[in-house]
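The values are calculated or read from the model by the stated rules, or taken from the named source; none is laboratory data. Computed from a prediction, not measured in an experiment: that's the story for all the values here. Cβ atoms come from the backbone with ideal geometry, glycine included; neighbour counts cover every protein chain shown. These accessible areas exclude ligands, DNA and RNA; they are computed on the full protein's heavy atoms, side chains included. Shrake-Rupley method; radii C 1.70, N 1.55, O 1.52, S 1.80 Å.
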Amino acid sequence: MRPSPASAPSSSSKSLGGNLKSTYGWNRSNRDNDGGDEEEQALLDGVARDHGEGDLEMGRTSEERMPGDEIDMKTIRSKMKKVSRDASRTISFHASSKFKSSFPANLIRNQKYNIASFLPLVFYEQFKFFFNLYFLLVALSQFIPALKIGFIVTYVAPLAFVLAVTMGKEAFDDYLRHLRDTEANSARYLILDRNTGPSTIPPTRAVPSSRLQVGDLVVLEKNQRVPADMVLLRTSDKSGTAFVRTDQLDGETDWKLRVAVASFQSMTDKELLAVQGDVYADPPIKDIHTFVGTVSHSPFDETSDRAVPTSSSPQASLLTTSQPPKVDPLTAENILWANTVLAAGSAVGFVVYTGEETRAVMNTSKSETKVGLLDLEINRMAKILCAVTFVLSVLLVALNGFRGQWYIYVFRFLILFSSIIPISLRVNLDMGKTVYAHNIQTDPEIPGTIVRTSTLPEELGRIEYLLSDKTGTLTQNEMEMKKLHLGTMSYGYDSMNEVAHQLAISFGGTHARHGSGLVTGAVLASRGRRDMASKVNDAVLALAVCHNVTPVEGDGEITYQASSPDEVAIVKWTESIGLSLISRERTSMTVRIPDGSTKRFNILDIFPFTSESKRMGIIVRDDQGETTFYQKGADVVMAKIVQKNDWLEEECGNMAREGLRTLVVGKKKLSEAAYKDFDRRYHVARTQTEGRNEAMTRVVEDLERDLELLALTGVEDKLQEDVRPTLELLRNAGIKIWMLTGDKIETATCIAISTKLVSRGQYIHQVAKLRTAEEAQYQLDFIRSKLDCCLVIDGESLQLCLDLYKDEFIELATQLSCVAACRCSPTQKADVARLIRHHTKKRVCCIGDGGNDVSMIQAADVGVGIVGKEGKQASLAADFSINQFSYLTKLLVWHGRNSYKRSAKLAQFVIHRGLIISGEFTRSALSIMYVRLSLTLIVYTVMQAVFSAIFFFAPIALYQGWLQVGYATVYTMAPVFSLVLDRDVNEDVALLYPELYKELTKGRSLSYKTFFAWTLISVYQGGAIMIMSLLLFETDFLNIVAISFTALILNELIMVALEITTWHFYMAVSLIVTLLFYGISMAFLPEYFNLNFVLSVRFIWKVAMIVAVSSLPLYMVRITQRYFRPATYAKLIS
C-alpha cells in the first residue's frame, strides 16, 4: 500500500533521501559506526538518482518491490566515497551517542576572548593603528642607552596608562559576557530518557542547556526559553497547538502559533520513547520562515513497551516491518526555534539543530571593535607628522655631513621630535570621551541613557544614515481600532458607543421575534433595504469570526493571541461593543453575544493570510446550519473581489493618509450543495503532488467571486512618543532614514506613512517577490527614473538585488529619501548596514530594541539599543542605550555636536602644543646660524632642529627634565583639557536649527585644511618666540631656556583663551590656577630659572613683547574672520 501523495516530501534528492530511509528501514542508529554515518546521506542521494522518484517516492515496502528494484549495495558503497557529506540530516529516535556527538555542541558563546587570546587580540586591536604603534616604538627606544633622552617614565607611563584602561575595560566587558553565557548554558532542561529507571515517573532527567544534543526529546514548560531548534511533537493543549514568543528572533512581540505533529500529539511519554522512526531535516539555513523536513515512524505496537533496539541491522528492520512507515511533512509551523519562549502550557520537542547551526546563532554576527572616524583622521595626520619629522631628522644629519654614527643621530632626532605627536593627545582624547559619556548619562532630559562604548561619542555628530527597526522602536506594537466605515455611515473612535447600541438593537430585536441570538441581513430587511442595525450586525459578526485569534487563559485573566496584532485589536474591539470570543479550538469557536448567550460556530476551512494573497478567509457554519464564507484583506486585492461600489477606494485613501491600517471585510453565503462542491474540488487540489498551491488558489478564487462588501476598518498602530517630530528633525539635519523590519510589506507601508517618513503626496514604490534577474533589472530601471519616490521592498527581492546587482542597487537606494525593507532577517539587516558603510563611506547609525536587531546594531558605526518590551538584549549589545526613540534627537544633534566639535578642537590644540615646542627648538638654532643656513628654513623647519644646529647638530633636548614633563602636564594640561566644556551654540539653537548638523557631517572641524592651518600657526608662533628671544636677549643667552619657556607657557594660555567660544567657570579657574602654579614653581627650579633675572622689569616687558608678537596677529586674524566670514551658527545667534 502507498502513503498519501500529500504526505510525500519534496522532490529534491535530500527530501527523497529522508523518505528512502523511512521506506527501506535504514536508520543511522541501526548502522555500524565504522564510517557509515558520514556516507549515509550520499548513499541515499545516489539511490535517488539511480532509481528515480517514481517508485521510491510512493514509498513501496519490501514486499511490493519488483525484481528489478534490488539494490546493489557494493555499487552504492563505491559511489558513496565520491560524494561529500551533506549538511542535511536524518536523525533516528534512538540515535547513538556517537552519532549525536557528531553535531555542534549546544553552547552559547558571545565572548570575544579567552585566556590565551586576550593579550594578543587586545594588543593587536591597539597597535594596528599607526598612532599607537608610533608611541610604542618611541617608548621601547628609551630602553636602548644610545637612544635614551630624558626620563623613561615620560614616554612609558602615558602609554601604559592608556593600555591599562583599555585592557581593563575589555576584560570587564568580556567577563560580563562570560557571566551571561554561563547563565544561559547552565539553565537546566528536562529530557525524556528511557534509561532513567522504572521508578522515574515521568521518565525524565535534568541536563544543562549546553549538554543537549541532536535527537534529544526535550520537555518545555511555560515561559521557558527554547534552547535549540526542535520539532514540536506534543503540547499540553488538546488541540496540539502552542504559542511562542519570538521577539528575540524576529522582533515581533505577537505570539506565534505552532502546531505539533499530528501523529505524536496523543502519545504519552512512554510511547514517545518507544517510537521507531526518524526525522529528516534539510541543511541548516538562516531563513526563519522556511523549514523542509519529514518525520517518519512505524505504527506503535501497543502490546510492547520496549524501545526498538538501536543495534538492529537494515535487514532486520526490513524483515520486522510489516507496514510502511507513516510520513508526516514538516514545515516552519512545526518548529520551535532556539531563543524563542514557550508562552503557555508545556510541550515536548525533538532537537534537530544545536549550537552554531541554530537559526538564532546563524542570524547573529560577531561583534567588531569599533573605531571612530575622528580617531582614523587623527591616525592619518599622525602619519603625515611622522613623515615630516623623519625628513627633518635626515635633513639635520645631512647638514652635519653624516658624521659619526649618523643613523643613531637620525633616531635620536626622531625621538626628540616625538612631541609633535604627543602621547598626551591620546590621554586627553580618552579623558574627553569620558567627560562626554558622563554628560550624556547625567542629562536629565534623556534619563536612563547609558554609554556602553565610551570611545564613540564623537561619532554621534557625524551620522548621515539612520537604519531603524519598526516594532518597538518606531511603534509600540499596540493596535487600536479607530474607524469603521459601512459605506453609508462612518464611525470614528469617539462614536463606537453608537456601534454598540446598534449591535444590541439588532441582536435584541431578533431574540424577541425569533428566539435566536443570531440575526441575518435577510431577517432584518425591510422593503428590500436593510437598516443600519442590520449592517452593523453583519459587519461586527464578520470581524468577530473571521480571524486566527485564540483566547488564552493565564494568571486569572484571558488574553487574545494571534500572529497579527491587527486581528487582536479588532477582536478586542468587538468585545468592547458586546461580541466576545470566549473559546476557540481548531474546528470551532464560541462567541458571546450582547444578550449574554453564546453561539458556536464550526470552522470548516481557514485560508490564512500570506504575503502573496494579502487576505485571509474562513468558512463557518452556525447553529442553524447556515454556512458563510467571510474574508478580509488589503484593499488592493479586495477591491477586485467584492461587488462594485462607489466609496471603497476613496475611503481607503482617506484612512491611509491618516496612517491607519485598512482591512476590507466581505462575506458570501453558501448553500449546502455549493459548499460540498467547493470542498470536493479543494480536497482534490490539496492532494495534488504537482502544482498544489496553484490548484488550491484557483479553487478558492472561484469561491471569492462577488463577495458582499460589509465594512472597511481602520486600525492604528500606536507610535512611540514623539516619533513624528523626531524623524522630521533628523531629516532636516540631513540624515537619511531607512526602516528595516521583519513585518509585512503592507504594515511597513502604513507605518512609513503614519510616521511621516513618506511626505504627503510622495509616490510609494513597492517591490515584492522578485525571482528573476529580468524582473530585478526592470525594477532598478524604474527606480532610476523616479528617484523622488519612497522604496518599499521585501526581503526576498532585496536579497535578489544584492546577489545580482549589489553596486547598482545600493547606488540607487542611497539616493532615495526613504527606504523601507520588509521581511528582513537579522542577517539581512546587518548586511544592509555594512553595504551602506562600504559604498558611501558615510557614518551609519542603527537603532533597534530586540534580539533580532543585535546583528544590525553591531554592524553599524554607531549602534543604539532601546530598552523596551522585547527585553534588554539590544540594549546590552549597543554602543548607546536609550529608553525611547525620541531621545535620539538630543543624543545626535546636541551631544553628538558637542562631542565632535570639542574633540576636534582639543586634538588640534594638543598637536599645536607639540608642534610649537619643536618649532622653537628649530628656530633658536637657525636664528644664530643664519650665516650658514638660509633664512627660509625658519618657516619650514622646527624648533628642536635649530637648537641642535646651534650645538653642532647634536641631538640634545632644549627643554629637559622637569620642564619637558611639566610642559604637557601641569603647565598646560588643565587649561587645554577645559576645552571639552566649550560649546559653539546653546542647546535651544542646536535643536531649533537642525540644519547646523549638516556641517558636522562634512568634517570641517578637523580636516587637512584646519590641520595645516594649525601647523602654520605653530611654525609662526614657535619661530616668533625663539627669534624674538634671541634678538632681545642676545647678551643673556644663558637664560634662553627661561625666557623662551616662559613666553611659550604664556602663549599657550592665551591661545586657549582665544579658542574658547563660551566661557565656563572651570575654564577661568584652570587658566588662573595654572598661571599661579607656574610662577610659584620657578622658585623651586633654580637650575632653570634665575629669580633675580626673572623678577627684573627688563625680563617682564620683553617677555610681554614676545608674547604679543606671537599671539596678537592671530587674535586680529580671528576678529577679521568673525566679521567678514562668520560661522553659520554665529549668524543664527546674531
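Sort Ile144, Ile745 by heavy-atom solvent-accessible area, probe 1.4 angstrom, most to least.
Per-residue accessible area, sorted high to low, gives Ile144, Ile745.
On average over all directions, what projected area in square nanometres does segment 1039-1134 have, based on the convex hull of its Cα atoms?
Numbers: hull surface 29.6 nm².
It is 7.4 nm².
What ³J(HN,Hα) values, in whole Hz, does the Karplus curve 6.51 cos²θ - 1.76 cosθ + 1.60 give for segment 1046-1053 when θ = phi - 60°, with x put for Gly and Pro?
4, 5, 5, 5, 5, 4, 5, 5
Less than 10 Å Cβ to Cβ from Ile641, Lys/Arg counted +1 and Asp/Glu -1: what total charge do the surrounding residues give?
Numbers: positive: Arg615, Lys640, Lys668, Arg705; negative: Glu701, Glu704, Asp706.
Local net charge: +1.
Suppose we keep just the alpha-carbon trace of segment 436-489; what are its Rg and Dmax in angstrom?
In Å, with Rg to one decimal and Dmax whole: 19.5, 61.
Can you give the alpha-carbon Rg of segment 549-671 over 2.2 N^0.38 Å, where N counts its residues? Don't skip to the end; give the middle numbers.
Values: Rg = 15.7 Å, N = 123, 2.2 N^0.38 = 13.7 Å.
Taking the Cα Rg and dividing by 2.2 N^0.38 Å, one obtains 1.15.
Grab the beta carbon distance between Lys128 and Phe390, set R0 = 25 Å, and tell me the FRET efficiency rounded to 0.05. Walk me through the numbers on the way to the answer.
On the way: r = 21 Å, r/R0 = 0.83.
It comes out at approximately 0.75.
Karplus couplings for segment 341-350 from phi (6.51 cos²θ - 1.76 cosθ + 1.60, θ = phi - 60°), rounded to Hz, Gly and Pro as x?
10, 5, 7, 8, x, 10, 7, 10, x, 10
Taking the Cα centroid of segment 627-685 and of segment 262-288, what is the distance between the two, rounded to the nearest whole Å?
Centre-to-centre distance over Cα atoms comes out at 38 Å.
So how much accessible area does Tyr465 have, in Å² to the nearest 10, using a 1.4 Å probe?
20
Check each of the chymotrypsin sites (Phe, Trp or Tyr not before Pro) in segment 365-446 and keep only those in coil by DSSP with at most 14 other C-beta atoms within 10 angstrom; list them in order. Each step should come with its number before you reach the end.
On the way: sites: Phe390, Phe402, Trp406, Tyr407, Tyr409, Phe411, Phe413, Phe417, Tyr436; in loops: Phe402.
Filter output for segment 365-446: Phe402.
Can you work out the Karplus-derived ³J(HN,Hα) for every residue in segment 184-193? Use 6.51 cos²θ - 1.76 cosθ + 1.60 with θ = phi - 60°, whole Hz, and x for glycine or proline.
Values, residue by residue: 5, 6, 8, 4, 9, 10, 8, 10, 6, 9 Hz.
Quick check: with the 1.4 Å probe, what order do Thr475, Thr1010, Thr364 take by accessible area, largest first?
Numbers: Thr475 0, Thr1010 35, Thr364 70 Å².
Ranked list, largest accessible area first: Thr364, Thr1010, Thr475.
Taking a threshold of 20 Å on the Cα-Cα distance, which of the pairs Lys599/Lys669; Lys901/Lys998; Lys640/Lys667; Lys256/Lys572; Lys756/Lys829 fall above it?
On the way: Lys599/Lys669 18 Å; Lys901/Lys998 13 Å; Lys640/Lys667 14 Å; Lys256/Lys572 18 Å; Lys756/Lys829 22 Å.
The answer is Lys756/Lys829.
Taking amide H positions as placed in the peptide plane 1.01 Å from N, state which residues far from Ser92 in sequence (5 or more) or on other chains have amide H under 5 Å from it.
Arg28, Ser29, Val279
Taking each pair of distinct Cα atoms in segment 82-175 once, what is the resulting Kirkwood hydrodynamic radius in Å?
On the way: mean 1/r = 0.0556 Å⁻¹.
Computed over Cα pairs of segment 82-175, the Kirkwood hydrodynamic radius comes out at 18.0 Å.
Take segment 358-479, drop everything but the C-alpha atoms, weight them equally and run the Debye formula without solvent; then report log10 I(q)/I(0) at 0.10, 0.11 Å⁻¹ to two decimals.
With one equal scatterer per Cα and no solvent, log10 I(q)/I(0) is -0.59, -0.66.
What's the magnitude of the charge dipole for segment 612-726 around its Cα centre, counting Lys and Arg as +1 and Asp and Glu as -1 at the beta-carbon? Answer in Debye, nearest 20. Kindly include the intermediate steps, with their values, before the conclusion.
Values: 20 positive and 24 negative charges, 86 e Å.
Around 420 debye, computed over segment 612-726.
Which loop-located GluC sites (Glu not before Pro) does segment 666-703 contain, where loop means any DSSP state but H, G, I, E or B and the Cβ has at most 12 other Cβ atoms within 10 Å? Please list the in-between numbers first.
Values: sites: Glu672, Glu690, Glu694, Glu701; in loops: Glu690.
Answer in residue order: Glu690.
As an exercise, use a Förster radius of 60 Å and the Cβ-Cβ distance of Arg784 and Tyr493 to find the FRET efficiency, rounded to the nearest 0.05. Please report the intermediate quantities before stating the final value.
Numbers: r = 42 Å, r/R0 = 0.71.
The value I calculate is 0.90.
If R0 is 22 Å, what FRET efficiency do you get for Ala1108 and Leu1075 from their C-beta distance, rounded to 0.05? Mind dumping the intermediate values first?
Working: r = 17 Å, r/R0 = 0.76.
The formula returns an efficiency of 0.85 here.
Can you report the principal axis dimensions of segment 862-907 using only the alpha carbons, biggest first, rounded to whole angstrom?
40, 19, 10
Which value in Å does the Kirkwood hydrodynamic radius of segment 766-893 take, with 1/r averaged over all unlike C-alpha pairs and then inverted? List each step's numbers first, then the result.
Working: mean 1/r = 0.0648 Å⁻¹.
One over the average 1/r among Cα pairs gives 15.4 Å for segment 766-893.
Over the residues of segment 348-405, compute the C-alpha Rg and express it relative to 2.2 N^0.38 Å. Let's see the in-between values first.
On the way: Rg = 27.3 Å, N = 58, 2.2 N^0.38 = 10.3 Å.
Computed over Cα atoms of segment 348-405, the ratio equals 2.65.
Suppose we keep just the alpha-carbon trace of segment 631-777; what are its Rg and Dmax in angstrom?
Rg and Dmax of segment 631-777, Cα atoms, are 20.0, 65 Å.
Accessible area of Arg600, 1.4 Å probe, to the nearest 10 Å²?
Around 110 Å² of this residue is reachable by solvent.
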